[in-house]
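First up is the structure itself, then whatever we jot down about it.
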Amino acid sequence: MKLPHNSYVAIVDGENFILMQNKGQPFEPSLELISKPSLDSTNFSAGVRHQDDAGQQSGNTDLNELAHGAAAAERLNEMAIAGDFEHIAIISDPKILGEMRRHYHTELKSRLVGEIDKTLAGEPTDRIEKAISAA
């Protein structure tokens with residue numbers, strides 16, 4: 001993936017939200033931690049689609065994790081609308097990424113340079129950089 005210099009990278013899972021910035025070159029990212037914002041997971045709209053008891057009991061659907069993904073998307077929307085970044089890449093596990101996509105604002109979509117559907121929250125920075133380079 002080509003990640004322009006100074007692009008943001010959001011790394012999201014069901015519990016974590018990490019913002020980093022590329023201080024390297026487009027094909028050789030060098031990420032620097034910006035922040036780990038805390039989120040209020042209040043949007044449980046995914047519950048409408050995930051109401052079967054079997055999915056809840058087997059652990060296939062965790063509404064709290066999906067609400068966290070929705071909250072992360074909403075925060076990124078606010079930042080995109082405010083012009084806090086020009087470009088962004090989003091890395092998240094497939095289920096959370098799918099929920100986030102449902103909440104993307106058009107302004108966020110216009111700044112999105114790519115998505116990686118992998119769980120990389122908690123991984124070392126060099127592994128995240130390699131995943132971006134390989135995407």
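Taking the Cβ of each residue in Val9, Val113 as the centre, tally the other Cβ atoms inside 10 Å and list the residues starting with the fewest.
Val113, Val9
How many nm separate the modelled label positions at His5 and Glu32, each set 7 Å beyond the Cα in the direction of the Cβ?
Computed distance between label sites His5 and Glu32 equals 1.2 nm.
Only counting other Cβ atoms within 10 Å, I'd like His5, His87, His68 sorted with the fewest neighbours first.
His5, His87, His68
Could you line up Met79, Met1 from fewest to most neighbouring Cβ atoms inside 10 Å?
Final ranking by Cβ density, sparse to dense: Met1, Met79.
When all C-alpha to C-alpha distances in the range 80-135 are sorted into bins of 5 Å, what percent of pairs does each bin hold, rounded to whole numbers?
All Cα pairs considered, the percentages come to 4, 17, 27, 22, 19, 10, 0.
Where a number appears in this text, it was derived from the coordinates with a stated rule and is not lab data. None of the values given here were measured: they were computed from a predicted structure. With ideal geometry, Cβ positions are generated from the backbone for all residues, glycine too; neighbour counts draw on all protein chains shown.
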